[in-house]
1. At a Förster radius of 22 Å, what calculated FRET efficiency corresponds to the Cβ-Cβ distance of ASP212 and TYR90, to the nearest 0.05?
2. With a 1.4 Å probe and every protein chain left in place, work out the accessible area per residue of the stretch 95-170 in Å², rounded to a whole number.
3. Quote the relative contact order of the stretch 95-170 in percent (integer), defining contacts as alpha-carbon pairs under 8 Å separated by 6+ residues.
4. Which FRET efficiency value, to the nearest 0.05, is calculated for GLN14 and GLU58 with the Förster distance at 25 angstrom and r the Cβ-Cβ distance?
5. Express in whole angstrom the spacing between the alpha-carbon centres of the stretch 191-242 and the stretch 32-57.
6. Just report the Cα centroid separation between the stretch 66-82 and the stretch 141-164, whole Å.
7. For the Cα atoms of the chain, what angle does the longest principal axis make with the long axis of helix 101-111, in degrees from 0 to 90, nearest 10?
8. I need the chymotrypsin sites (Phe, Trp or Tyr not before Pro) found in the stretch 121-206, filtered to DSSP loop residues with at most 16 other beta carbons within 10 Å of theirs.
Amino acid sequence: MTLPDQQYAIVTRQVSKTFGGIKAVQGVDIAVAVGERRALIGPNGAGKSTLFNLITGEISIDEGQIHVLGRDATRFSVQRRARLGLGRTYQISQLFLELSVEQSLFLASAAGIGLGLSLLNGWRDRTEDRAWTREVAGQVGLADHLFRRVGELSHGLQRQLELGMAFAMRPRLVMLDEPAAGLSPAERQTLVALIQAMAPDITLILIEHDMDIVMQLAQRITVLHRGVVVTEGTPGEIQKNSMVQRIYLGEAHV
Ligand code: ADP
Ligand code: MG
């Protein structure tokens, strides 16, 4: 697939990262088109989260280049990548447990990233921003929970709020690292439906172990193993790929 650079949300070229002798990611080339729904799969320790954090800027790169929405963002900070439109979820921290759902979404929309409670000063008067907050709450199934304290929400609703906090930043690209981990089957289905309902021009990069979820959400799948991209294809192609099956059975030596 070759498209003009601005039609890719993410392009990585020969991206590598070593942790004290462990080659977590080695020479990875991926290209994710704008609007594409891409899953990143592979066994534990394959390097998925490392690649993810290299793309978001959470960890520094050893070698290679990363383009985000047509810009060379290799040396950009997390904040600068976020301003380009790169959104990701953050686990709801202690900070949010005492706030309402509405306040949390408002903070995320106002701050993008680098959340600070001082941003809540005068928030009640910012009617336009509050309208956006309510719209996002509706998008993630929290319209009826706007005034509840985050700390009293179920685990599933908290995960929906995390997704909403990513959406609140008006991202062009959303990155999710195992969003369904720890959720019940019913909560998983709710989360999948909310992700499916995302605007079609928003790009998705998803790491997920639950293959049912991957098959429901992904248009293309990249398979990582020992820090290397072993194959990439449609869900149908990946499902019948014998090397992928061997990797998951733990008997592949690539
Ligand atoms: P995955 O998300 O696919 O399970 P990771 O990217 O978390 O894999 O890890 C890839 C490899 O890099 C593993 O061997 C892991 O132990 C190692 N690793 C990841 N993060 C660090 C770190 N901060 N320090 C040292 N080693 C790390
Ligand atoms: Mg991981």
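The values are calculated or read from the model by the stated rules, or taken from the named source; none is laboratory data. On a predicted model such as this, the values are computed, not experimentally measured, just so you know. Here the Cβ is made from the backbone with ideal geometry for all residues, glycine too, and neighbour counts use every protein chain on show. Side chains included, ligands, DNA and RNA excluded: accessible areas come from the protein's heavy atoms. Shrake-Rupley method; radii C 1.70, N 1.55, O 1.52, S 1.80 Å.
1. 0.30
2. 46
3. On the way: 91 pairs, mean separation 36.5, N = 76.
Result for the stretch 95-170 is 48 percent.
4. 0.80
5. Centre-to-centre distance over Cα atoms comes out at 10 Å.
6. 30
7. Between helix and principal axis, roughly 70 degrees.
8. Passing sites in the stretch 121-206 are PHE147.
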